[in-house]
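The values are calculated or read from the model by the stated rules, or taken from the named source; none is laboratory data. Not measured: the values here are computed from a predicted model. Counting neighbours? That spans all protein chains shown, and the Cβs are built from the backbone with ideal geometry, glycine included.
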Amino acid sequence: MGVNRIIIIITGSPGTGKSYIAAQIKRELGDIEIISYDEIKEKNFDRYGFDNAEQKEEVNRLGLEEFYLTLRGRMRCARNILIEYPFFQRHRLRLQKLVDEYAYRAVTLYLYGDIQTIYHRERQRDQRQDRHRGHLVNCYHRDEAGSPEPTVYDAVPGYDDYCRLLRERNYNVAIGHTIAVDVTDLGTVSCEQIVRCIREYIERGDQIKVEYTWLSALEELEGVLKMQRQCGAEPVQNCIQESARVIKAGRRIFVCGNGGSASTASHIANDLICHMKNWNRENYPVLALTDNTAAITSIANDYGFRDIFSRQLAAFGRPGDMLWAFSTSGNSGNCVAAVEQAKQMGMLTVGFTGRRGGELKTMCDLWVGVQSDEVTRVEEMHLVLAHVIGVAVEALVSPIQGKGEKDGT
């Protein structure tokens, strides 16, 4: 490929076609070695066997250690490497350390698509004759190959469990330069174009053409939007109904967050105070706890940063009010403290977080989770969801009578 020490990491949920894409890229690039964790797992299935899910997990763990040893050995030899597996955040740190230790340049190829389509593709793969049975069952021994096929494949997840895994895991490990590819229809995927993107990155490095960067970001955001649709509208709808009820009752909504989430808090508070689409409605009592610089700095200086929102709530909040807390991780200490304070005061709480939810997921009365662990994507979706909720709340509380909509700023 002209440059040594390149690693291509192909990741995505089961059924996205990683092995197929890997083979196509290998054919195009030539001078690159594929290391497949699945192949190592299958050899260990045959070598050790297992009697239950716990033993199978141990065999998988041994396979993962063998995979990393193999990868390290190839890196020592400065080989160009392609690895493919449903890598997720649990694997990211170890992979990143190896990439850094051996000074590799990394490209992550993140495969995503319509969940239902990919799930059915995965089930079709399970029915193929060449599919290793060890993937499908929780009890397997190679010397029993002549025994009847099991009537139940107890290691195959149903659709609901498959969707749950997607919610819990972020398959975009985002090591090095990330290229997101929609593989809903594998027949439309251009491996030649993918290879061109990879070559461009290899040859030009940080000078890579801007369109690849922003196109990848847009494709990744499209993937998050698809995941969000799959999760249904109930969490957002509940927030809309309760927020409208609070405003109709003459109570207040407080909003908080840190960094980019602080900007989101200020933004949506402004929109709800002023207007969304109806310029002729009354102003709503919404207060961003992020906006009083004097209060924030004095509280942080005298009591600690954890209390910057909770102490403001103690001063202004009342039973029946509502708190929206934005935190991409769900674990921001001052947001957690604010929710604790709000609940003590009899306020309704809503947590806006990323996929995992953190502490806010279980603490809050309502939870709205973005189906991503990538901070930038979560922050973008928080603002989208806040706008959606704001417009819907306005429509419920102050429906437009005649001409009420204008072009805003």
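Just a few scattered comments:
- Unique residue being buried (at least 19 other Cβ atoms within 10 Å of the Cβ), assigned to a loop (DSSP other than H, G, I, E, B), out of contact with any Pro (no Cβ under 6 Å at 6 or more places or on another chain) and of a type in the set (S, T, N, Q) when the list is Gln371, Gln401: Gln371
- Qualifying residues in segment 226-274 (those that are out of contact with any helix residue (DSSP H, G or I) (no Cβ under 8 Å at 6 or more places or on another chain) and of a type in the set (A, V, I, L, M)) - the one surrounded by the most Cβ atoms within 10 Å (Cβ to Cβ): Ala265
- Within segment 60-84, the set of residues being in contact with a Lys or Arg (Cβ under 7 Å, 6 or more places away or on another chain) and either surrounded by fewer than 16 Cβ atoms within 10 Å (Cβ to Cβ) or closer than 18 Å to Ile34 by Cβ (or both) comprises Gly63, Tyr68, Ala78, Ile81, Leu82, Glu84.
- Residues located in segment 251-283, provided they are touching a residue at least 24 places away in the same chain (Cβ under 8 Å), of a type outside the set (D, E, K, R) and assigned to a loop (DSSP other than H, G, I, E, B): Asn258, His275, Met276, Asn278, Trp279, Asn280
- Among the residues making up segment 275-301, those that are hydrophobic (A, V, I, L, M, F, W, C) and touching a Phe, Trp or Tyr at 6+ places or on another chain (Cβ under 9 Å) are Val286, Leu287, Ala288, Leu289, Ile296, Ile299.
- Cβ-Cβ contacts under 7 Å between residues 6 or more apart (or on different chains), taken from a first residue in segment 218-230 that is closer than 9 Å to Gln371 by Cβ to a second residue that is part of a helix (DSSP H, G or I) and modelled with pLDDT under 80, are listed as Met227/Leu166.
- Leu221 within 22 Å of Ser19 (Cβ to Cβ) and at pLDDT 75 or above: no
- Of the numbered criteria (1) more than 22 Å from the chain's Cα centre (by Cα); (2) outside any loop (DSSP other than H, G, I, E, B); (3) modelled with pLDDT of 90 or more, the one Val137 fails is (2).
- Just one of the listed residues (Val336, Val397, Val384) is free of Cβ contacts under 8 Å to residues at least 60 places away in the same chain and under 23 Å from Cys274 (Cα atoms), and it is Val384.
- Candidate set from segment 337-355 (those that are in contact with a strand residue (DSSP E or B) (Cβ under 8 Å, 6 or more places away or on another chain) and not hydrophobic (A, V, I, L, M, F, W, C)); member that is surrounded by the fewest Cβ atoms within 10 Å (Cβ to Cβ): Lys343
- All positions within segment 327-358 that are modelled with pLDDT of 95 or more and among the charged types (D, E, K, R): Glu340, Lys343
- Subset of segment 1-48 [hydrophobic (A, V, I, L, M, F, W, C), assigned to a loop (DSSP other than H, G, I, E, B) and either surrounded by 16 or more Cβ atoms within 10 Å (Cβ to Cβ) or touching a Leu at 6+ places or on another chain (Cβ under 8 Å) (or both)]: Met1, Ile32
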